[in-house]
Amino acid sequence: MGCWEGDDWHWQFQWRRNWLERDQEQWTFFQHAVSTVALQKHAKDRWVWPIDKSGCFSVSSTYKALHDLKYNGQVDDLLAHIWHMKIPPKAVILQWRLLHNALPSVDNLLRRGIVLPPLDSMCVMCNEQPETLPHFFFSCPIADQLWKYYFSWASISTVQPQTMRLHYCQYPQLCFGLLQMKGWDIVRSAVVWCIWNGRNNQIFRRRVTALEELKANLHLTVWLWLKLNDLMDFTFDQWIACLS
C-alpha cells in the first residue's frame, strides 16, 4: 500500500484489474481525501470523530448530525422543548417516539414485516378499530374521554386534535405566562404517559385498565410531576379535592 521515505509516506497501489471509466471519478475523490491527511511516522493511530470539535464520539453530536441531515439544519422547536422538560426520561422518550411515529403500534409493526393475528391487531382499549397511534392516543373512545377530562380541568370544550404536534399548539386561555404553559405541558405529557401504560398493562399483564383507573393514575402522575417542577404546593389529598 505504501512505504516511508524518510519522514514522508508515499502511497503505492497495485490494481487487480484494469480501470473502468467510473473508477477515475472514485480515484480522484480518494486522492483528494488522503491528501488532506498528514501521516506522522512516530505517532500512534487513533480514532477521531470528525463531526465533533473535540474529536471524541458523543451521542449528542450524533443526534445533532442526524437531526440536521433530516431537517436541513433547522431546529425543531417542539422536539427541543420536549427534551428540556423536567419529567422522567422515559416519559420524554415516549413523546419523542410518538412525534416520530416510532412506537411499536400494530400498524408500525406491520410496516416492519411483523404480522399479528387479527384479534391481537385491534385497539386493546376499545376493541373497535385496528391499533394505530392516531387512533390509540386520540380517537379511541377511552383516550378521547381521558383527553376531555384533562381539558375539563380548565373548563375547556374543544375539538380534539388528532396528532401530538397539534396538541402542543394548543394552550387554554388561562395560560398567561411561561409557568402556566409549563404546567399545562406537564399535564399533557402525563395523559400520554398514562394512556401508553394502560395499553401496556392490558397487553403484557392482561390487566384491564378502565377509564376511572386511568383518571386515578393521571391524578397521581400530574401531582408528582408538578411537585418535581416546584409547581405544586398542595398535598395529594388537597389536589384531589380541587379536582372534585
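The values are calculated or read from the model by the stated rules, or taken from the named source; none is laboratory data. Here the structure is a predicted model, which means the values were calculated and not measured. Reconstructed Cβ throughout: ideal geometry from the backbone, glycine too, with neighbour counts over all protein chains shown.
Here are the numbers for this structure:
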| item | result |
| --- | --- |
| Search result, residues across the stretch 215-226 that are closer than 16 Å to Ser244 by Cα and either under 22 Å from the mean Cα position of the chain (by Cα) or not aromatic (Phe, Trp, Tyr) (or both) | Lys215, Ala216, Asn217, Leu218, His219, Leu220, Val222 |
| Failed item, numbered, when Lys41 is tested on (1) of a type in the set (Lys, Arg); (2) surrounded by 10 or more Cβ atoms within 10 Å (Cβ to Cβ); (3) in contact (Cβ under 8 Å) with a residue 24 or more places away in the chain | (2) |
| Filter result for Gln173 (modelled with pLDDT under 80 and surrounded by fewer than 13 Cβ atoms within 10 Å (Cβ to Cβ)) | yes |
| Selection count where residues are of a type in the set (Lys, Arg) and crowded, with 16+ Cβ neighbours inside 10 Å, scope the stretch 185-214 | 2 |
| Residue within the stretch 124-144 that is among the polar types (S, T, N, Q), in contact with a Leu (Cβ under 8 Å, 6 or more places away or on another chain) and modelled with pLDDT of 90 or more present | no |
| Failed criterion for Val159 (all others in (1) part of a helix (DSSP H, G or I); (2) closer than 26 Å to Leu78 by Cα; (3) of a type in the set (A, V, I, L, M) hold) | (1) |
| Entirely in the stretch 1-101, the helices (runs of 4 or more DSSP H) that have 1 or more residues that are β-branched (Val, Ile, Thr) and within 30 Å of Gly183 (Cα to Cα) | 59-71, 77-83, 89-99 |
| Residues that are farther than 19 Å from Leu94 by Cα and in contact (Cβ under 8 Å) with a residue 24 or more places away in the chain, drawn from the stretch 121-149 | Pro130, Ile142, Gln145, Tyr149 |
| Candidates Ile114, Ile82, filtered to the one that is under 24 Å from Leu133 (Cβ atoms) and surrounded by 13 or more Cβ atoms within 10 Å (Cβ to Cβ) | Ile82 |
| Residue in the stretch 67-84 that is farther than 30 Å from Trp193 by Cα, of a type in the set (Lys, Arg) and within 40 Å of the chain's Cα centre (by Cα) present | no |
| Number of the condition not met by Asp233 [criteria: (1) surrounded by 14 or more Cβ atoms within 10 Å (Cβ to Cβ); (2) not in a helix (DSSP H, G or I)] | (1) |
